[in-house]
1. Out of all the residues in the range 248-262, is one or more at positive phi and either among the polar types (S, T, N, Q) or over 10 Å from the mean Cα position of the chain (by Cα) (or both)?
2. For the range 99-205, please list each of the helices (runs of 4 or more DSSP H) lying entirely inside it that holds at least 2 residues being surrounded by 14 or more Cβ atoms within 10 Å (Cβ to Cβ) and under 20 Å from the mean Cα position of the chain (by Cα).
3. Somewhere in the range 214-226, is a residue in the same structural domain as Lys146 (by TED's automatic domain parsing), at pLDDT below 90 and not in a loop (DSSP other than H, G, I, E, B)?
4. Only residues in the range 149-161 that are within 19 Å of Pro242 (Cα to Cα) and aliphatic (A, V, I, L, M) count as the first member; pair them with residues that are modelled with pLDDT of 95 or more and outside any helix (DSSP H, G or I), Cβ under 7 angstrom, at least 6 apart or cross-chain, and list the lot.
5. Would you list the strands (runs of 3 or more DSSP E) that sit entirely within the range 23-94 and hold 2 or more residues that are loosely packed, with under 12 Cβ neighbours inside 10 Å?
6. So Asn247 passes all but one of these: (1) part of a helix (DSSP H, G or I); (2) crowded, with 18+ Cβ neighbours inside 10 Å. Which condition number does it fail?
7. Given Pro136, Pro196, which one is in the same structural domain as Trp230 (by TED's automatic domain parsing), touching a His at 6+ places or on another chain (Cβ under 6 Å) and modelled with pLDDT of 95 or more?
8. Give me the pairs: first residue in the range 72-90 and within 12 Å of Glu32 (Cβ to Cβ), second residue modelled with pLDDT under 90 and surrounded by fewer than 16 Cβ atoms within 10 Å (Cβ to Cβ), beta-carbon distance under 8 Å, and six or more apart or on different chains, which are they?
Amino acid sequence: MRFRISHRTHYRYAGTASESFMEARLTPTDDENQRRCSRRLVTMPPCNIHTYADYFGNIVETFSIVKRHEELLLDSVSEVETSLRDVPKAAYDISISEARQIFRSERLKLFEFLMPSPAISLSAEVNAIANRFFKPSDALGPSLLKLNSWIKQTFRYQPGVTRIDTGITEILKLQAGVCQDFAQLMIAILRSAEIPARYVTGYIETETQRRASEEQKDPKLIGASESHAWVEVHLPGGFWWPLDPTNDCLAGERHVKVAIGRDYRDTSPTSGVFKGTHTQKLSVAVLMQRI
């Protein structure tokens, strides 16, 4: 599938900012499942934009506004082609015990995705869930799909019930949240089971965005239109398998990947600081069109 994605971020300051320093992770990735056809970022006020790849390989754009301004506008426009990739059967059918042995031999390479991270803590409660779903003799692929389904069936999608920094323990108590919460919960369970997992952020073609002509063919997908989160699980052989616990599905052609990391803190779409005023109002609007 091919999509055009327009992502507008608008900061309005309570007063006048004398300087702003920002970084953005808004560029869709280029990999075996996705091809970035075009991309541009425009700021207002205009400025020079510098680009680099961060530790996880995400494209980061940095810029500074060093003159007085009352608002800051970022317009990111991308065209992306997505495709499906089948999971290797050998990696799907391998036992969890055998998979763990392989992961231990690659521990240095996978270290960040096996350990707790700033926003994802591990606990006895999480470990008990991991033991329930990942018994040593079970096959890895079916066990992952069962966990993906359990999160969808057990936890209610409810915007507003959690905060951006809500922890795993509170999510388990609430049994509700949004895509970020479900992705981080799944990652915590997988890491407790000694299975490497990483956080993915990007876009999803939701019900309000898909074309009417496709309405009868496509399954219903839920998520925030301005940002969506899912999980990539490392399988033996080096394959990263994308799973979306919010929708109990594989992340496929209707998912557009932008950034990866240990947790949400590594993948924030925009972050920065400003001087000269003490408050701001942020609004984000995303239009994702199938073309």
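1. Yes, the range 248-262 contains at least one residue that is at positive phi and either among the polar types (S, T, N, Q) or over 10 Å from the mean Cα position of the chain (by Cα) (or both).
2. Details: elements: 107-110, 124-133, 140-154, 168-174, 179-192.
Passing ranges, in order: 140-154, 168-174, 179-192.
3. Going residue by residue through the range 214-226, those that are in the same structural domain as Lys146 (by TED's automatic domain parsing) are 214-226.
Still in the list and also at pLDDT below 90: 214-226.
From what is left, the residues that are not in a loop (DSSP other than H, G, I, E, B) are 214.
Yes, the range 214-226 has at least one match.
4. These pairs meet every condition: Ile151/Pro245.
5. Numbers: elements: 34-44, 50-53, 59-65, 69-82.
The strands (runs of 3 or more DSSP E) meeting that bar are 34-44, 50-53.
6. That leaves (1) as the condition not met.
7. Details: Pro136 fails: touching a His at 6+ places or on another chain (Cβ under 6 Å).
Step by step, each of Pro136, Pro196 is checked, and only Pro196 is in the same structural domain as Trp230 (by TED's automatic domain parsing), touching a His at 6+ places or on another chain (Cβ under 6 Å) and modelled with pLDDT of 95 or more.
8. Arg85/Glu32
The values are calculated or read from the model by the stated rules, or taken from the named source; none is laboratory data. From a predicted model like this one, the values you see are computed outputs, not experimental measurements. As a convention, Cβ positions derive from the backbone with ideal geometry for all residues, glycine included, and neighbour counts pool all protein chains shown.
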